[in-house]
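Structure record follows, encoded as structure tokens.
The values are calculated or read from the model by the stated rules, or taken from the named source; none is laboratory data. Bear in mind that the values here come from a model prediction, so they are computed numbers and not experimental data. Note that each Cβ is placed from the backbone with ideal geometry, even for glycine, and that neighbours are counted across all protein chains shown.
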Amino acid sequence: MAADEPEIMTTPEVAEHLRIPEATLHYWVHRGVAPPSVRLGKRRLYRREAVDAWLIERERAEAAVPA
């Protein structure tokens, strides 16, 4: 992780990191398929390591599905 990358990310930062609209991330949270997060007050926060691990898991799941 680069020195300028935060360990804790906000919803806009995660959306940018995943290159998706914030609305998509909100929808994934609603459906229960988003990266792990914690709600603190009105903010939802994500650990960068958890987001990256979630993405790797999604990649493995995609690769396991026969075409």
In region 7-36, which residue that is small (Gly, Ala, Ser) and in a loop (DSSP other than H, G, I, E, B) is surrounded by the fewest Cβ atoms within 10 Å (Cβ to Cβ)? GLY32
Pick from VAL29, VAL65, VAL51, VAL14: which is hydrophobic (A, V, I, L, M, F, W, C) and at pLDDT below 95? VAL65
Name, by its number, the condition in (1) of a type in the set (D, E, K, R); (2) in contact (Cβ under 8 Å) with a residue 40 or more places away in the chain; (3) part of a strand (DSSP E or B) that does not hold for ARG44. (2)
Pairs only if they're at least six apart or on different chains, beta carbon under 7 angstrom, first in region 13-29 and free of Cβ contacts under 8 Å to residues at least 60 places away in the same chain, second of a type in the set (Phe, Trp, Tyr); list them, first residue then second. VAL14/TYR46
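Yes or no, residue by residue, for (1) within 17 Å of PRO6 (Cα to Cα); (2) of a type in the set (Lys, Arg):
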residue: PRO21; (1), (2): no, no
residue: GLY32; (1), (2): no, no
residue: SER37; (1), (2): yes, no
residue: LYS42; (1), (2): no, yes
residue: LEU45; (1), (2): yes, no
residue: GLU49; (1), (2): yes, no
residue: ASP52; (1), (2): yes, no
residue: ILE56; (1), (2): no, no
